[in-house]
1. Looking only at residues in the range 77-89 that are at pLDDT 95 or above and surrounded by fewer than 19 Cβ atoms within 10 Å (Cβ to Cβ), which one is farthest from K106 (Cα to Cα)?
2. Condition first: loosely packed, with under 14 Cβ neighbours inside 10 Å, in a loop (DSSP other than H, G, I, E, B) and modelled with pLDDT of 90 or more. Can you find one or more residues in the range 114-128 that meet it?
3. For the subset of the range 52-99 comprising residues that are assigned to a loop (DSSP other than H, G, I, E, B) and free of Cβ contacts under 8 Å to residues at least 12 places away in the same chain, which member is farthest from R118 (Cα to Cα)?
Amino acid sequence: MMMYNQMKPVLIVALAALLATGLHAQTRPVANGNSATGTNAAALVIKGIVKSAASGNGINGAQVQVKGFSAAIADTAGNFSLKIPNTTATILVEADGFDAKLVPVKYREQLEIVLQSRTVASYHDVLVTPTGNQHKK
């Protein structure tokens, strides 16, 4: 009994050190310097807005996606929230009437994405026929 009482403080310190090391191994930093833990650590969330270069207004219905992972649709003001697999992911942003754009996240949590209006030159491969639209090959 005497030996246990003498070893008790050493065991408590050793157990605390072991637990702290185990918890640290499951924690990883994310874009804002905070850490994510557990099984949901692989999915991070970024937010942003998709705007028109011409008007500066948000683009309603813009599609924001990480290929093979997740996708989101911008609201009426152009705002979106998207799960990404990691902070170095690249997202694809598309909207009707606008040129598509690839945007690297680069450890950012907030994105402002500006899309250019599609020009008439972008439509040069479309041929209108009496039976409907066809794409040139």
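1. A77
2. Looking only at the range 114-128, we keep the residues that are loosely packed, with under 14 Cβ neighbours inside 10 Å, and these are 116-117, 119-128.
If we keep only those that are in a loop (DSSP other than H, G, I, E, B) as well, we get 116, 119, 124-125.
Filter once more, so that each one left must be modelled with pLDDT of 90 or more: 116.
Taking every residue of the range 114-128 in turn, at least one turns out to be loosely packed, with under 14 Cβ neighbours inside 10 Å, in a loop (DSSP other than H, G, I, E, B) and modelled with pLDDT of 90 or more.
3. Pass one, the range 52-99, residues assigned to a loop (DSSP other than H, G, I, E, B): 53-57, 59-62, 67-69, 74-78, 85-89, 95-97, 99.
Retained after the next criterion (residues that are free of Cβ contacts under 8 Å to residues at least 12 places away in the same chain): 55-56, 68.
On the way: S55: 14, G56: 15, G68: 26 Å.
This residue is G68.
The values are calculated or read from the model by the stated rules, or taken from the named source; none is laboratory data. Given the structure is predicted, the values throughout are model-derived calculations rather than measurements. Every residue, glycine among them, receives a Cβ derived from its backbone with ideal geometry; neighbour counts consider all protein chains shown.
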